[in-house]
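A.B. asks: This structure is in structure tokens; I'll ask about it shortly.
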Amino acid sequence: MKLGAIEAGGTKFVVAIGDETGRIEKRESFPTTTPEETLAKVFAFFDQFDIEALGVGTFGPIDPDPNSSTYGYITTTPKPHWNQVDILGQLKQRYPIPMGFDTDVNGAALGEVSFGAAKGLDSCLYLTIGTGIGGGAVVEGKLVHGLLHPEMGHMRLVSHPDDEFRGICPYHPYCFEGLASGPAIEARCHQKAYELPKDHPVWEMEAYYIGQALATYILILSPKKIILGGGVMKQTQLFPRIHHYTQSFLNGYIQKPEISSGIKDYIVAPGLGDNAGICGALALAKQALEK
Ligand code: ADP
Ligand code: ZN
């Protein structure tokens with residue numbers, strides 16, 4: 001079957017055609033400009049194909065509640081031009097087919113459970129550590145929404161003993177995103193994150209924050225797999241230190257082999273690599289069609 005997928009990012013949009021196995025047949029990307037201009041490019045792409053369903057994984061905040069009057073909107077984003085934009089409504093007007101709509105990270109979590117590192121499991125947590133920090137979760141086979149959708153990047157953390165940085169989040173001092181996103185690293189070090197040497201002390205702090213946050217997510221959600229994506233996780237030397245700090249913050253409390261001896265296979269990189277986002281949108285399309 002032919003499925004359409006949109007990964008709507010704050011910086012770029014990725015559009016793709018794929019199938020129910022997660023295979024991508026064709027993909028294109030373009031910068032995110034105004035909604036009018038960006039959606040015109042989206043239409044130009046999908047008009048060439050006859051798709052059965054479409055999945056949209058998007059930056060937020062969004063309204064993912066099908067019973068709400070603003071379902072399918074990007075809501076209170078500070079991104080210029082994108083505040084209160086009915087993205088799903090405009091897509092539905094053009095293509096009257098089943099559509100899935102969710103946060104980019106919820107999409108990625110569904111993609112990893114359907115086709116990637118958590119395939120065969122009924123639960124996982126997907127975390128992106130990039131321009132922002134966000135998390136999506138599948139629990140007992142279903143994506144977690146609740147009141148709105150989880151905003152896992154904004155919880156308060158305890159500072160690393162050597163870190164005097166207050167963080168860059170305008171809402172919360174010392175929140176995870178404010179302390180550990182790519183822009184936070186760059187604000188602290190006055191250097192591009194990808195240019196920092198692998199043994200720079202900031203990476204130890206980074207692992208400390210990620211491990212601390214993961215320990216809390218494990219306590220609350222009890223995920224069967226944790227997947228870490230986003231630009232900052234290109235620093236693969238972080239993984240062993242994240243494993244260490246996650247164990248250290250849990251301090252032996254969760255008695256499961258996944259955490260005590262198998263943590264290397266429990267906290268992992270995306271099985272779908274750089275396609276985690278777009279395959280996630282494909283998984284949303286597949287789910288919409290099955291519903
Ligand atoms: P987005 O979050 O916008 O979708 P990314 O996940 O690629 O995009 O995140 C971009 C952020 O990740 C940048 O702010 C940058 O600081 C950081 N980043 C990108 N590449 C690297 C790298 N190789 N090492 C460390 N940080 C990186
Ligand atoms: Zn915050």
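The values are calculated or read from the model by the stated rules, or taken from the named source; none is laboratory data. Remember, it's a predicted structure, so these values are computed and weren't measured experimentally. Cβ placement follows ideal geometry from the backbone for every residue including glycine, while neighbour counts extend to all protein chains displayed. These area figures cover heavy atoms from the full protein model, side chains too; ligands, DNA and RNA do not enter into them. Shrake-Rupley method; radii C 1.70, N 1.55, O 1.52, S 1.80 Å.
A.B. asks: Met233 accessible area, nearest 10 Å², 1.4 Å probe?
C.D. replies: Its accessible surface works out to 10 Å², give or take rounding.
A.B. asks: Just tell me, in residue order, which DSSP H segments of the chain are both 15 angstrom or longer along the helix axis (alpha-carbon based) and at least -0.5 in mean Kyte-Doolittle hydropathy.
C.D. replies: Both cut-offs are met by 35-46, 104-115, 201-221, 238-250, 276-290.
A.B. asks: On to the next question. Can you work out D for the stretch 120-269 in µm² s⁻¹ from Stokes-Einstein, where Rh is the Kirkwood radius over C-alpha pairs, the temperature is 25 °C and the viscosity is 0.890 mPa s? Let's see the in-between values first.
C.D. replies: Details: Rh = 15.5 Å.
So the translational diffusion coefficient is about 158 µm²/s.
A.B. asks: Keeping all protein chains in the complex and leaving out DNA, RNA and ligands, what accessible area do you get for His244 with a 1.4 Å probe, in Å² to the nearest 10?
C.D. replies: Approximately 80 Å² for this residue.
A.B. asks: How much of the accessible area of the chain, in percent, comes from carbon and sulfur atoms when a 1.4 Å probe is used?
C.D. replies: Working: 6950 of 13410 Å².
That fraction is 52 percent.
A.B. asks: Could you pull out the longest piece of the chain with no exposed loop chymotrypsin sites (Phe, Trp or Tyr not before Pro) in it, calling a site exposed if DSSP puts it outside H, G, I, E, B and it has at most 11 other Cβ atoms within 10 Å?
C.D. replies: It works out to 1-170.
A.B. asks: When 1/r is averaged over all different Cα pairs and the result inverted, which Kirkwood radius in Å belongs to the stretch 1-110?
C.D. replies: This gives a value of 14.0 Å.
A.B. asks: Here is a follow-up. Please pull out the direction-averaged projected area of the chain, using the convex hull of its alpha-carbon atoms, in nm² to one decimal place. Walk me through the intermediate numbers first.
C.D. replies: Details: hull surface 59.0 nm².
Its average projected convex-hull area is 14.8 nm².
A.B. asks: Right, another one. From the cross-link list Lys224/Lys286; Lys79/Lys264; Lys256/Lys286; Lys79/Lys225; Lys12/Lys192, which pairs have alpha carbons spaced over 30 Å apart?
C.D. replies: Exceeds cut-off: Lys79/Lys264; Lys256/Lys286; Lys79/Lys225.
A.B. asks: With the chain treated as a Gaussian network of Cα nodes joined by springs under 10 Å, which of Gly277, Gly178, Gly141 yields the largest mean-square fluctuation?
C.D. replies: Among Gly277, Gly178, Gly141, the largest GNM mean-square fluctuation belongs to Gly141.
A.B. asks: Determine the order of Cys189, Cys279 by accessible area, beginning with the largest, at a probe radius of 1.4 Å.
C.D. replies: I get Cys189, Cys279, largest accessible area first.
A.B. asks: Using DSSP to call loops (not H, G, I, E or B), can you name the GluC sites (Glu not before Pro) in the stretch 119-228 whose Cβ has at most 11 other Cβ atoms within 10 angstrom?
C.D. replies: Glu140, Glu164
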